[in-house]
Amino acid sequence: MPVESEGRLLIVDDEPALRRALRTSLAATGFAVAEARDGEEALSALRRGPADLVLLDINMPGLSGIEVCRRIRSGSAQIGIVMVTVRESEEDKVEALEAGADDFVTKPYRLRELIARLHAVLRRSNSRSLPPDKILRAGALEIDLERRLVTKGGSEVHLSPTEFEMLAYLVKHQGAPVLHSRLLQAVWGPEYGGELEYLRSYVKMLRKKIEDDPARPQYILTEPWVGYRFRNPSDPEAPPADDD
């Protein structure tokens, strides 16, 4: 029985052996996979035919992965972009997100983690054209945007207005890494961007109110030097909190 298609995926990497291995593995999970060996070839491929997802290496000869990401995003808000970065370079991760990437995986990565990231980005990309939900749910949490009410397991969680705005923004973008600067501007205003102590203080307070064990958070995860990622424990494809 043929595998149901998960979407059209373009792999962009200058290593032929890695492209072949990824193509075999990801095609087996249902993706319709195409390849490009560099940025120019990737942009040409996208002009010839659309893709739902692009897996894009950040370090390539010629046109950089960051520049390719910017060009893809400038032409389409719907294509999901996952960038492959180097674990030691947090600056690359920030630059990738600022260029328009939806998420990143760091080398060396596990195939299970990569597939989970791709599926999560594909779901978010497909939901961008849908009307926004008035009630957001994640695990035991329920956030009523109209009534500005948060409950956990049916019991009300009392949040300040700023705490509510931060939590609502993170849940709206659940599964995606949210940059420090983006979260600050979304909650405090466009003139903010470097006040990391604001975020640390409010994340600490939020964790005390919504986490079973604030020292081992399951909802609000830290992306070191990058920002935060809201994890939905009810999502069967969400990586374990300790793996993030």
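The values are calculated or read from the model by the stated rules, or taken from the named source; none is laboratory data. As the structure is a prediction and not an experimental result, all values here were calculated from the model. Please note: Cβ atoms are built from the backbone with ideal geometry, for glycine as well, and neighbour counts cover all protein chains shown.
Tabulated data for the structure shown
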quantity: Test: residue in the stretch 60-70 that is under 26 Å from residue 225 (Cα atoms), in contact with a Lys or Arg (Cβ under 8 Å, 6 or more places away or on another chain), of a type in the set (A, V, I, L, M) and not assigned by TED's automatic domain parsing to the domain that holds residue 223; calculated: no
quantity: Matching residues, the stretch 176-195, being at pLDDT 90 or above and either closer than 20 Å to residue 96 by Cα or among the aromatic types (Phe, Trp, Tyr) (or both); calculated: 176, 177, 178, 179, 180, 181, 182, 183, 184, 185, 186, 188
quantity: Residue pairs meeting the criteria (Cβ under 8 Å; at least 6 apart or on separate chains; first over 12 Å from residue 179 (Cβ atoms) and of a type in the set (Val, Ile, Thr), in the stretch 93-108; second modelled with pLDDT under 90 and not in a helix (DSSP H, G or I)); calculated: 105/85; 106/85; 106/86; 106/87
quantity: Condition met for residue 89 (modelled with pLDDT under 90 and farther than 23 Å from residue 180 by Cα); calculated: no
quantity: Near pairs, Cβ below 9 angstrom, 6+ apart or cross-chain, from the stretch 47-61 (closer than 16 Å to residue 84 by Cβ and of a type in the set (D, E, K, R)) to any residue that is modelled with pLDDT of 90 or more and assigned to a loop (DSSP other than H, G, I, E, B); calculated: 57/13; 57/14; 57/15
quantity: Meets criteria (out of contact with any Asp or Glu (no Cβ under 8 Å at 6 or more places or on another chain) and either farther than 18 Å from residue 230 by Cβ or outside the structural domain of residue 54 (by TED's automatic domain parsing) (or both)) for residue 81; calculated: no
quantity: Filtered residues of the stretch 171-210 (kept if in contact (Cβ under 8 Å) with a residue 40 or more places away in the chain and either in the same structural domain as residue 119 (by TED's automatic domain parsing) or over 19 Å from the mean Cα position of the chain (by Cα) (or both)); calculated: 202, 205, 206, 209, 210
quantity: Candidates 54, 84, 94, filtered to the one that is modelled with pLDDT of 95 or more, under 20 Å from the mean Cα position of the chain (by Cα) and either crowded, with 19+ Cβ neighbours inside 10 Å or under 17 Å from residue 121 (Cβ atoms) (or both); calculated: 54
